[in-house]
Structures are given as C-alpha cells and as structure tokens.
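J.: Once you've had a glance at the structure underneath, I'll fire off some questions.
The numbers here are math on the coordinates, done by the rules we state, and not lab data. Bear in mind the structure is a predicted one, so any value in this text is a computation, not a measurement. Note that we place each Cβ from the backbone using ideal geometry, even for glycine, and neighbour counts take in every protein chain shown.
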Amino acid sequence: MGLTFGRDSVQITIFTNQDKKDARVTFVKLFLTAFFWGGTFVAGKIIAGQVNPQCAAFLRFAIASFFLVILTIRLEGRLPRITPAQVFWIMLSGLTGIFAYNLFFFTGLTFINANRASLIIATNPIFISVSAAILFKEALTPAKITGLLLSVTGAVTVISNGRLSSLFHSGIGPGELAILGCVVSWVSYSLLGKQLMKTLSPVAAVCYASVAGTVMLFFPAMFQGLFQAVPLYTAENWWALFYLGFFGTVLGFFWYYQGIQKIGPSKAGVFINFVPVSAIVLSYLILGEPLTPALVLGAALVFAGIYLTTRPDKVLTVPSN
C-alpha cells in the first residue's frame, strides 16, 4: 500500500504483487525504449556516407510502416477509417515528423558525430514546451524558462565545441544546421500530433503519418538512384536500416505508449532523458567517438534543462513496508 499526498487531498493506493511485477516490466521496457532510441543515432551514423540520406530515410520508414500497419490492425482490429479533415493533419504530420525530420537526420549524421547530434536533438522537449505555451497557452513556469536557457546554452556549447566565439566567425556547420532542422521538424510534428490524436489513437496516428511520410520519401529516394543502389547495400547497412525501422520506430513507440498507459505520461516521459545518455555511451563504445570537455559540459546543461522543463509538480510519495 502507498500514500500519495497531493495539495488538497490524500490518495491511498493498494499495490498487489502483480501490480509491482507489472510496474517492473514496464520500467524495463521504457529503459529499453530509451536504449533503442539512443541506438538510432549510432545506426544512422553507421550508414551515413554509405547509404544516400533520401534512400536511408525511405527504407527506414518503409520497414516501419509495414510493421506499424500490422500493429495497428492487431490492436484495433482494423485500420481506422479517416475523414478528409484527418487526411490534412496526417499529411502535415508525415511531412514534418517523417519526411523532413529523417532527411535532416541522415544528412546531419554525414557531417557530425552521433553523440553531438543526440544532444542537439535532446532539446526537443524544451522547444515543445515553449511552443505549446505560445500556441496552446500551457503554463510556462520559471523552472521551465530556466530549463530552456540551460538547454539552449548546452546545445550551443555542443555545436560550437566549447568555443562560442567561433559561431560569430565561421557560423554553424551544415551538420549542425541539419540536426537543428530535426528539432524544428519534430516540434512541428509533436504539435500537429496533438491535434491528430484528438480523433485517432496514438498508434493509428503514427501509423498513418508514417505511411504518408514514406510515400513522400519515395520520390526523392527514387531520383537518388534507389533501385540501382539497393542491390549494393551490405548486410551491415540492412541491419542498421532494420534497427532504425523496427527497434527505433515501431517497438520503441509501442513500448513507450504502453508505459504511458501503465504509469502515466509524466513518469514515462522521464525515461526520454536517457536517450542522449545511451546515444553518448553507445557512440563511444561502438563508434569510438570521443568524450570531449565541451560535450560533457553541454550534456550536463542539456540534462539539467530537460529535468527542469519536464519534471512534474512535486508530489510526496510514502511507500509502506
């Protein structure tokens, strides 16, 4: 049994052994989700320079869409019918979160290390919070404002390699610009997804956005020689693409939303903070990318900013023996 003290009430919850077991399984799945998402930066870096960005983006989501359609049918019994109004939001979601994000993602990784890219993209929750405050009038507390400033400072530290003055002389490189494009794309997708999920379940919304984005990605991939290049891909290329499509997209998404259903969005969202951590560790172990002082300092600032921006209201929980 546990006691949860809120501001105006006291809630008593009884936890059975099965509840505790389910919670442990959920925590493991959420941790693995963060691990998988961190691994997408490593997988993306492995194929960067070997697979054209347009082709990589298309193949990743062709794989993801195949499994997402199966998952949606399994969970909902069929593919939900969509209205003309939903088609509009689906196309916008596919354009921002699938098409634009992945072109920026694979392009950026051809220029910069996976660990740096993961830390820049880790600022997503910050800018989503700020955008939601501006567009949807959600509360922007002093803690969130402080978190925004810390995360931006951390991201700038990472982008400039600790030499902030260099940004005024040489500007931002093409890799950093592309990854910043990822941030803009994902913030747009997240805000559009909020509108889309008013009428569709999360799994259906992501499935349709993925399919729409995959169709959009097909045309630039085709013009970049998709059919001629596919037979030349190595086993390592295909494994990285499958990892990105299945583990990094389908399984990660499914387990994350399972976690939201089991323990709520606030607790599940905390695990997202482990994504850049796992990306940095994996890029060091697998790719041999260095851990520079600027990277470590920038990571600390970004993590502090994420914590301040995404932490829930303070709640005191007293577990029983």
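J.: By counting other Cβ atoms within 10 Å of each Cβ, how are Trp238, Trp255 ranked from fewest to most? Write down the numbers at each step before the final one.
T.: Numbers: Trp238 15, Trp255 21.
Fewest-to-most ranking of Trp238, Trp255: Trp238, Trp255.
J.: Which entries in Lys45/Lys194; Lys29/Lys198; Lys29/Lys194 show an alpha-carbon gap greater than 28 Å? Kindly include the intermediate steps, with their values, before the conclusion.
T.: Details: Lys45/Lys194 30 Å; Lys29/Lys198 26 Å; Lys29/Lys194 24 Å.
Checking Cα-Cα distances, Lys45/Lys194 exceed 28 Å.
J.: Among Arg81, Arg74, which comes first, then next, by fewest other beta-carbon atoms within 10 Å? Mind dumping the intermediate values first?
T.: Working: Arg81 6, Arg74 9.
Listed from fewest to most nearby Cβ atoms, that is Arg81, Arg74.
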